[in-house]
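Comments concern the structure below.
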């Protein structure tokens, strides 16, 4: 076959002519992008401080000196939605921002707002409570519309005070937890529940103070010393200052929580008794205070369940839910919380009650979900699993704090749960068996 020059690639007019790269081409390919990147970096360096300031102004959620003032402005806003969002945001920020959570000046400002709102609304609440039963449904609705803004504000401020690591809110929260008049029953119960919940959170958050550096702790105490000199909140600041100084030296105090929880343990509302038992997980003090706390919890371990029927009626009236949770053993929910608190504190606890809390079959009979449509019942497995996990952790803590206590009667339940089909229960039970195995060897 002869060679045809017309078929050669060099003769194909569709291909471009290849030329060597020039300096201007290198600049377009590499120099221009480098200048763009460099300019952006320079711009970022110049405007970053401004961005931070503008972000703080618009968002009001950054950590810094302006954050407390922004939170206070939003909490004081007459718009309820802004208040709720601010309180929820503040509660979350306080949990992760040690600087803000240890700002006693900020905490005192919130406490002051709570006091003033309570004082200004008290006459109207009292008058409303006195003639509440005589009002028609429409009149009740109109009255509540007037009272709700202040009520919401009180609940929000209580929620926030529970997330500080300085206990300046203790006096007012304890007063609200023990309040027995001045509002109609449902509103009063809601306020007392929120106060107990805040006190439980505060007891846990006080442990964060122990983890602060010596310099940070000194700064907190210096703030409190200044506030204790004069002003509306001088008493609360002084009490907190003394408490934290004693805590630094290892001398704990219950700050009156022993008396508060004892009082709440006698409440007609079972949810208050349950919260009183729960809050006892996070408070301990002197030997005398601990005796009263332990007696209160032992009393709650025999809770008879008074008031549960009334709560069940209220839940049955809730048409928004297709089912309701039932506890077939009167008082058992309160008993469970009391037993867990006793165990976690390392105090005396009825082991037979712990055995029941580690018995899945028995718990499935006690905690059920009932359909409102046909009355059909099934075990409330989520609650059952949570109780078993809490009981397992409490047993381990009981052994750690009171290693001389003989827990061998729990061994059959623990061994069975170590083979439970639920992975979380199985793992936790196996861990507890391992922890307790050595003392059981004869």
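The values are calculated or read from the model by the stated rules, or taken from the named source; none is laboratory data. Computed from a prediction, not measured in an experiment: that's the story for all the values here. Note: ideal-geometry Cβ built from the backbone for every residue, glycine included; neighbour counts use all protein chains shown.
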All but one of (1) surrounded by fewer than 16 Cβ atoms within 10 Å (Cβ to Cβ); (2) modelled with pLDDT of 90 or more hold for residue 78; state the number of the condition that does not hold.
(2)
Among the residues that make up region 124-131, is at least one of them assigned by TED's automatic domain parsing to the domain that holds residue 166, at pLDDT 90 or above, within 29 Å of residue 233 (Cα to Cα) and exposed (fewer than 12 other Cβ atoms within 10 Å of the Cβ)?
yes
Failed item in (1) in a loop (DSSP other than H, G, I, E, B); (2) crowded, with 16+ Cβ neighbours inside 10 Å, with residue 231 passing the rest:
(2)
Would you be able to tell me the number of residues in region 164-186 that are surrounded by fewer than 22 Cβ atoms within 10 Å (Cβ to Cβ) and over 19 Å from residue 263 (Cα atoms)?
1
Does region 269-278 contain at least one residue that is outside the structural domain of residue 371 (by TED's automatic domain parsing), within 11 Å of residue 342 (Cα to Cα), touching a residue at least 12 places away in the same chain (Cβ under 8 Å) and touching a helix residue (DSSP H, G or I) at 6+ places or on another chain (Cβ under 7 Å)?
yes
So, of the residues in region 402-414 that are in contact (Cβ under 8 Å) with a residue 40 or more places away in the chain and touching a helix residue (DSSP H, G or I) at 6+ places or on another chain (Cβ under 7 Å), which turns out to be nearest to residue 429 (Cα to Cα)?
414
Go over the candidates 191, 142 one by one and state the one that is out of contact with any helix residue (DSSP H, G or I) (no Cβ under 8 Å at 6 or more places or on another chain) and at negative phi.
142
Which of the residues that make up region 334-356 are crowded, with 23+ Cβ neighbours inside 10 Å and over 11 Å from residue 297 (Cβ atoms)?
336, 354
Members of region 177-187 found to be touching a residue at least 24 places away in the same chain (Cβ under 8 Å) and in a helix (DSSP H, G or I), listed by number
177, 178, 187
Tell me, yes or no, whether region 84-105 has at least one residue that is farther than 25 Å from residue 209 by Cβ and under 21 Å from the mean Cα position of the chain (by Cα).
yes
When region 194-227 is examined, which residues are found to be outside any helix (DSSP H, G or I) and either under 14 Å from the mean Cα position of the chain (by Cα) or not assigned by TED's automatic domain parsing to the domain that holds residue 171 (or both)?
206
